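These notes concern the structure reproduced below.
The values are calculated or read from the model by the stated rules, or taken from the named source; none is laboratory data. From a predicted model like this one, the values you see are computed outputs, not experimental measurements. Glycine gets a Cβ as well: all are built from the backbone with ideal geometry, and neighbour counts include every protein chain shown.
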Amino acid sequence: MKNLKISGYGKALPKRIVTNDDLKKFVDTNDEWIVQRTGIKKRRIGDEGASYLATDAAKMALEDARLKPDDIDLIICSTVTADQMTPSVACMVQKNLGISDIDVTAFDLNSACTGFIFALKTAAALLNSFHKRALVIGAETVSRITDFTDRSTCILFGDAAGAVILEKAENNKEMYFYTNCKGDDRWLNLKGFKSNVDMNNKTVESGFTRMKGDEVFKFALRANDDAIKQVLEQADISISDIDLIVPHQANLRIIEGIAKRTNLPIEKFFINLSEYGNTSSASVAVALCEAHENGLYKEGDRVLLLGFGGGLSWGSILIEF
Ligand code: UT7
């Protein structure tokens with residue numbers, strides 16, 4: 001899709017830092033195992049809801065783009081951890097920013113860790129039809145759906161939000177989008193939340209994320225292979241034409257696996273998972289914001305975003321800056 005640009009970047013992270021050693025209070029684990037198997041050293045865990053983090057990230061993106069809240073007419077927030085079923089996080093961001101409620105579309109989207117990729121694609125489509133300027137947010141409080149007695153998952157996740165402003169621009173630059181999914185709840189799921197059963201006000205209680213890590217690991221490598229191939233084919237370029245890859249920050253070994261399979265040096269990948277762990281759909285949004293803050297790409301560069309996760313879902317976006 002032509003004539004779109006990212007004009008602002010934002011992120012929000014809870015203040016509380018939880019190290020690998022801190023997790024020893026909850027489960028039988030150690031820093032060496034976690035670093036070796038995942039690359040994660042710490043994560044942020046807060047008591048703020050997703051809409052609080054999302055609002056902070058959105059404010060930063062607006063400031064970065066030198067825009068006023070009313071310049072926005074579309075808000076899409078990807079999340080699996082909304083503070084409430086309704087109103088959506090996106091609607092709470094609209095309220096918190098004081099955006100006029102005239103012809104604004106605001107909604108949440110759930111595609112687990114691939115959510116930010118799905119949200120950017122959806123925003124691009126709506127900018128091509130109804131809207132002029134979008135706030136696209138990934139906001140997650142993954143700690144709320146994490147079982148802190150399960151050492152195979154609780155060491156992985158953290159809380160965060162990232163945001164960008166995506167808008168129309170007469171710049172003739174291309175963005176290529178690829179998304180895919182297949183309903184498969186065997187290896188990664190969160191089943192059972194408080195809900196009515198047989199209309200008798202009997203409720204089933206909340207569950208936590210369950211994952212068969214080795215199967216998700218294998219899926220992740222296959223999904224990234226496909227996501228890279230599809231978007232390169234659309235753009236009719238080769239992997240060596242990519243200047244920077246911003247992958248989902250799930251596990252350093254997965255990113256190293258992608259580097260090996262694509263024959264790219266690891267330096268071409270932006271990696272911040274040692275600091276934040278896997279923040280689900282906030283991961284690519286925060287990573288893109290930090291890659292921008294660090295000046296890792298410039299006008300004329302091609303940046304590839306990669307996501308994968310529950311659904312199972314996966315996708316990629318190639319952006320010409
Ligand atoms: O964004 C969502 C997508 N999710 C992912 O991308 C996750 C993909 N999967 C992974 O990242 C990896 O599979 C994990 C990091 C989750 C696990 O790494 P692994 O190399 O697949 O380890 P494993 O599950 O095969 O476990 C190896 C051993 C086991 O012990 P035994 O059976 O060999 O005695 C586990 O019980 O490590 C043990 N183990 C731990 N030991 C210390 C599992 N978790 C821990 C732990 N600390 N936290």
So, in region 112-130, of the ones that are modelled with pLDDT under 95 and in contact with a Leu (Cβ under 9 Å, 6 or more places away or on another chain), which residue ends up surrounded by the fewest Cβ atoms within 10 Å (Cβ to Cβ)? 130
Would a scan of region 52-72 turn up a residue that is in contact with a helix residue (DSSP H, G or I) (Cβ under 8 Å, 6 or more places away or on another chain), of a type outside the set (Ser, Thr, Tyr), at pLDDT below 95 and away from the ligand (no atom under 16 Å from the Cβ)? no
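Return the residue satisfying two criteria in turn: it lies in region 239-259 and is among the charged types (D, E, K, R) and closer than 21 Å to residue 36 by Cα, and of such residues it is nearest to the ligand (Cβ to nearest atom).
253
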From the list 301, 236, 225, pick out the single residue that is over 25 Å from residue 54 (Cβ atoms) and either in contact with a Cys (Cβ under 8 Å, 6 or more places away or on another chain) or within 16 Å of the ligand (Cβ to nearest atom) (or both). 225
Cβ-Cβ under 6 Å pairs, at least 6 apart or on other chains, region 204-217 side within 12 Å of residue 145 (Cα to Cα) and at pLDDT below 85, far side loosely packed, with under 14 Cβ neighbours inside 10 Å and not small (Gly, Ala, Ser): 206/193; 206/194; 207/191
Go through 159, 150 for me and flag whichever is surrounded by fewer than 21 Cβ atoms within 10 Å (Cβ to Cβ) and either closer than 18 Å to residue 285 by Cα or touching a residue at least 12 places away in the same chain (Cβ under 8 Å) (or both). 150
It is to be established whether one or more residues within region 307-316 are within 24 Å of residue 157 (Cα to Cα) and away from the ligand (no atom under 16 Å from the Cβ). no
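Is it the case, given these coordinates, that residue 295 is free of Cβ contacts under 8 Å to residues at least 12 places away in the same chain, more than 11 Å from the ligand (Cβ to nearest atom) and not acidic (Asp, Glu)?
yes
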Which residues, taken from region 278-304, are under 12 Å from the mean Cα position of the chain (by Cα) and more than 24 Å from residue 235 (Cα to Cα)? 278, 279, 280, 281, 282, 283, 286
I need the helices (runs of 4 or more DSSP H) fully contained in region 212-296, keeping only those with at least 3 residues that are among the aliphatic types (A, V, I, L, M) and under 30 Å from residue 12 (Cβ atoms). 213-235, 252-262, 283-293
Residues in region 274-282: is at least one surrounded by fewer than 24 Cβ atoms within 10 Å (Cβ to Cβ), of a type outside the set (Asp, Glu) and at pLDDT 95 or above? yes
Please enumerate the residues belonging to region 1-50 that are of a type in the set (S, T, N, Q) and within 16 Å of the ligand (Cβ to nearest atom). 19, 20, 29, 30, 36, 38
Segments classed as strands (runs of 3 or more DSSP E), wholly inside region 28-111, with at least 3 members that are at negative phi and either free of Cβ contacts under 8 Å to residues at least 40 places away in the same chain or surrounded by fewer than 19 Cβ atoms within 10 Å (Cβ to Cβ) (or both): 105-109
